[in-house]
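Everything on this sheet refers to the single structure shown next.
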Amino acid sequence: MRATIATLATMTAALGLAASPALAGFQSSIRPLTAAERKAMTPSAWRRGCPVGLGDLRVVRTTFRDFSGRERRGRIVVHEDVAPEVNRIFRALHRAKVPIRRMEPIERYRGSDFRSIEADNTSAFNCRRVEGSSRWSNHAYGTAIDINPIENPWVEPGGVVYHRKSRPYVNRRPRPGMAISGNALVRAFEREGWKWGGRWSGTRDYQHFSSDGR
């Protein structure tokens, strides 16, 4: 038995395969929502009257590196049309060792954008309006991603932020997990044609990337 195990281990190593189920390198998948996921999203993240149906959404389950450099798995829900782009974006972020705090669907926070930000959670789909507006947010279409929102806050003129933990990041001195013009995080999105809220005039939304710039 021991000889057989040793032989299998040698063959595995020779083939360059991982000998354990632990994460080793980038892994990713794109799939429709399961019945359990659809139920969990309703009505906190999705409800009747939203601009896209649950059948239009996809789960991208992907490897990311946390702020300790450890590889973890996260899930992000996006529109099916942009899922391949999102997969490539997170592959580039993993390759560049860009850290991400956590990546959980917004229903973990009962659909609350505020709670998700407080947890420094990277998320995408959320059926909500633009703050102070009747217009649907791009998040309601699954075509926008907020990444590391504590390190990349919404900053109003005069340096106003709405999350205490974000105050040190009003100063955009480069630090891990931050979106800075020209760095690996911003380049990963812009290579796919996504636009960055950090380039807006007036109010800057450093966490926000969208497929059409809104």
*asked:* Residues that are modelled with pLDDT under 95, assigned to a strand (DSSP E or B) and either out of contact with any strand residue (DSSP E or B) (no Cβ under 7 Å at 6 or more places or on another chain) or farther than 27 Å from residue 81 by Cβ (or both): does the stretch 159-179 have at least one?
replied: yes
_Residue tally, condition over 25 Å from residue 158 (Cβ atoms), assigned to a loop (DSSP other than H, G, I, E, B) and either out of contact with any helix residue (DSSP H, G or I) (no Cβ under 9 Å at 6 or more places or on another chain) or of a type in the set (Phe, Trp, Tyr) (or both), over the stretch 184-202_ = 1
*Name the helices (runs of 4 or more DSSP H) wholly within the stretch 32-147 that hold at least 3 residues that are of a type outside the set (Val, Ile, Thr) and within 24 Å of residue 165 (Cα to Cα)?*
113-118
*Within the stretch 152-203, track down each residue that is small (Gly, Ala, Ser) and on the phi < 0 side of the Ramachandran plot.*
166, 179, 181, 184, 188, 197, 198, 201
*Name every residue in the stretch 203-214 that is more than 11 Å from residue 154 (Cα to Cα) and not acidic (Asp, Glu), in order of residue number.*
209, 210, 211, 213, 214
*Of (1) in contact (Cβ under 8 Å) with a residue 24 or more places away in the chain; (2) not in a loop (DSSP other than H, G, I, E, B), residue 150 satisfies all except one. Which?*
(2)
*Kindly establish whether residue 188 is under 30 Å from residue 40 (Cβ atoms), in contact (Cβ under 8 Å) with a residue 12 or more places away in the chain and small (Gly, Ala, Ser).*
yes
*Among the residues listed as 132, 177, 198, the single one being of a type outside the set (Ser, Thr, Tyr) and exposed (fewer than 13 other Cβ atoms within 10 Å of the Cβ)*: 132
*Could you list all residues from the stretch 28-84 that are of a type in the set (Gly, Ala, Ser), surrounded by 16 or more Cβ atoms within 10 Å (Cβ to Cβ) and without any contact (Cβ under 8 Å) to a residue 60 or more places away in the chain?*
74, 83
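The values are calculated or read from the model by the stated rules, or taken from the named source; none is laboratory data. In this text, all values refer to a predicted model and were calculated from it rather than measured experimentally. Note: ideal-geometry Cβ built from the backbone for every residue, glycine included; neighbour counts use all protein chains shown.
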